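Worksheet: one structure, shown below.
The values are calculated or read from the model by the stated rules, or taken from the named source; none is laboratory data. Every value quoted in this text rests on a predicted model; they were computed, and no experiment measured them. Cβ: placed from backbone, ideal geometry, glycine included. Neighbour counts: every protein chain shown. Heads up: the accessible areas ignore ligands, DNA and RNA and are worked out on the full protein's heavy atoms, side chains in. Shrake-Rupley method; radii C 1.70, N 1.55, O 1.52, S 1.80 Å.
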Amino acid sequence: MATANEGLVFDLSTRAKLRLTGADRLRYLNGQISNDLRKATEEDAVHACVLSAKGKIDAEVFVAAEGEAFLLDTEREAGEALAARLERYIIADDVQVEDVTEAFALFHVLGAEAPDLSVNGERQRASRFGEVGTDLWLAAADHERALQELSQAHSFCDEECAETLRIERGLPRGGRELTGEIIPTEANLEASAIDYAKGCYIGQEVISRIKMSGQTNKRLCGFVVAGEGRLEPGMRLVTPEAGKEVGWLTSVAASARLGREIALGFAKRGFQETGMRLQAVAPGSASGVMVEIVGLPFA
């Protein structure tokens with residue numbers, strides 16, 4: 001069944017891109033990411049996280065096979081640190097990590113199968129916005145031609161549009177919700193980015209313990225304004241009665257689709273129930289904005 005946003009095109013060319021080659025690339029990289037790399041093919045990209053030994057997120061990645069190599073993409077700001085992180089764990093492995101950010105253009109077509117283009121490239125299925133779409137990997141030199149051809153067949157979703165859409169769908173993002181203080185399960189990534197049966201990888205022990213206990217210290221939640229005022233990322237969440245700090249906001253959007261301002265943020269255990277009301281307080285402010293916890297996705 002088609003969705004309201006089917007056929008939207010996103011230009012993701014500014015994302016950082018790495019290529020891993022070498023005879024040990026599969027074994028090595030599978031020991032670095034939270035999902036099973038064997039799912040990554042030339043037709044399907046896999047969503048995963050690269051973690052620290054404490055299970056905290058170093059980077060959120062999408063990985064696809066490219067012949068005798070794997071291609072990874074992540075948030076632009078995380079690219080240099082991710083390359084260094086991967087290099088650090090190469091001991092006696094036959095693996096090479098190459099930054100190919102400037103070599104490729106990357107587009108994503110939501111829902112619908114991407115149209116044929118006059119330029120050659122690779123395409124894989126990937127779930128980047130809560131539903132399956134198509135990634136188009138093209139030579140950087142073909143970016144403008146592909147942009148023109150895609151514009152003739154589809155509507156483009158610019159950066160603001162993409163940010164609103166991902167917040168509406170309750171999806172965390174690197175540098176916003178996904179930081180070095182967050183464990184993937186706290187950001188609701190267990191279904192899309194974690195394979196509990198794949199075998200050992202860095203940070204696995206922490207992820208497995210959380211699965212066994214069924215508890216996290218905090219959880220990504222949705223919030224809507226329940227009074228007067230505007231929201232902004234970084235606001236602290238406190239209980240209205242006692243003023244106890246129980247979380248914080250990470251992303252805010254004015255949703256035309258929902259006709260209201262919405263936000264993503266983390267709430268501590270015991271303060272995550274749908275319908276619960278909290279005060280969102282800006283740093284240095286004595287007053288706050290009443291917000292209500294709602295289920296995700298918003299839409």
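Restricting attention to the stretch 1-33, which residues are in contact with a strand residue (DSSP E or B) (Cβ under 7 Å, 6 or more places away or on another chain) and under 19 Å from Asp93 (Cβ atoms)? Leu18, Arg19, Leu20, Thr21, Gly22, Arg25, Leu29, Gln32, Ile33, listed by residue number. Of the residues making up the stretch 174-192, those that are open to solvent by less than 50 Å² (accessible area, probe 1.4 Å) and not hydroxyl-bearing (Ser, Thr, Tyr) are Gly174, Glu177, Leu178, Gly180, Ile182, Ile183, Pro184, Glu186, Ala187, Leu189. Yes or no: Gln148 open to solvent by 50 Å² or more (accessible area, probe 1.4 Å), outside any strand (DSSP E or B) and closer than 23 Å to Glu102 by Cα? Taking the combined requirement at face value, the residue satisfies it. Beta carbons closer than 7 Å, at least 6 apart along the sequence or on distinct chains, pair a first residue in the stretch 227-244 that is within 19 Å of Leu264 (Cβ to Cβ) with a second that is open to solvent by 50 Å² or more (accessible area, probe 1.4 Å) and part of a loop (DSSP other than H, G, I, E, B) for Gly234/Pro283; Val238/Lys244. Exactly one residue out of Ala78, Ala105, Ala83 is hydrophobic (A, V, I, L, M, F, W, C), modelled with pLDDT of 95 or more, in a strand (DSSP E or B) and touching a strand residue (DSSP E or B) at 6+ places or on another chain (Cβ under 7 Å), and it is Ala105. Taking the stated definitions as given, is Lys268 within 23 Å of Phe62 (Cβ to Cβ), of a type outside the set (S, T, N, Q) and touching a Lys or Arg at 6+ places or on another chain (Cβ under 9 Å)? Judged against the criteria, Lys268 is not a match. Filtering the stretch 14-27 to residues that are under 23 Å from Ala162 (Cα atoms) and surrounded by fewer than 16 Cβ atoms within 10 Å (Cβ to Cβ) leaves only Thr14.
For the stretch 138-173, what are the residues that are touching a Lys or Arg at 6+ places or on another chain (Cβ under 8 Å) and over 17 Å from Glu6 (Cα atoms)? Hit for the stretch 138-173 is Arg173, nothing else.
Residue by residue, here is whether (1) surrounded by fewer than 23 Cβ atoms within 10 Å (Cβ to Cβ); (2) among the β-branched types (Val, Ile, Thr) holds:
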position	(1), (2)
Leu29	no, no
Ile33	no, yes
Asp44	yes, no
Ala48	no, no
Ile57	no, yes
Glu66	yes, no
Ala69	yes, no
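If the Cβ limit is 7 Å and pairs must be 6+ apart or interchain, which residue in the stretch 157-171 that is of a type outside the set (Lys, Arg) pairs with which residue that is surrounded by 19 or more Cβ atoms within 10 Å (Cβ to Cβ) and assigned to a helix (DSSP H, G or I)? Final answer for the pair search is Cys157/Leu165. Scanning the stretch 152-166 finds no residues that are buried (at least 21 other Cβ atoms within 10 Å of the Cβ), hydrophobic (A, V, I, L, M, F, W, C), in a loop (DSSP other than H, G, I, E, B) and within 13 Å of the chain's Cα centre (by Cα). Would you list the strands (runs of 3 or more DSSP E) that sit entirely within the stretch 197-299 and hold 2 or more residues that are within 23 Å of Thr179 (Cα to Cα) and open to solvent by 30 Å² or more (accessible area, probe 1.4 Å)? Answer list for the stretch 197-299: 218-225, 245-255. Screening the stretch 91-114 for residues that are of a type outside the set (A, V, I, L, M, F, W, C) and more than 23 Å from Gly130 (Cβ to Cβ) and picking the one that is most open to solvent (accessible area, probe 1.4 Å) gives Glu102.
In the stretch 115-127, the residue that is surrounded by the most Cβ atoms within 10 Å (Cβ to Cβ) out of those that are at pLDDT 95 or above and among the hydrophobic types (A, V, I, L, M, F, W, C) is Ala126. Are any residues in the stretch 167-182 within 13 Å of the chain's Cα centre (by Cα) and assigned to a loop (DSSP other than H, G, I, E, B), and if so, which ones? The answer is Arg169, Gly170, Leu171, Pro172, Arg173, Gly175, Arg176, Glu177, Thr179, Ile182.
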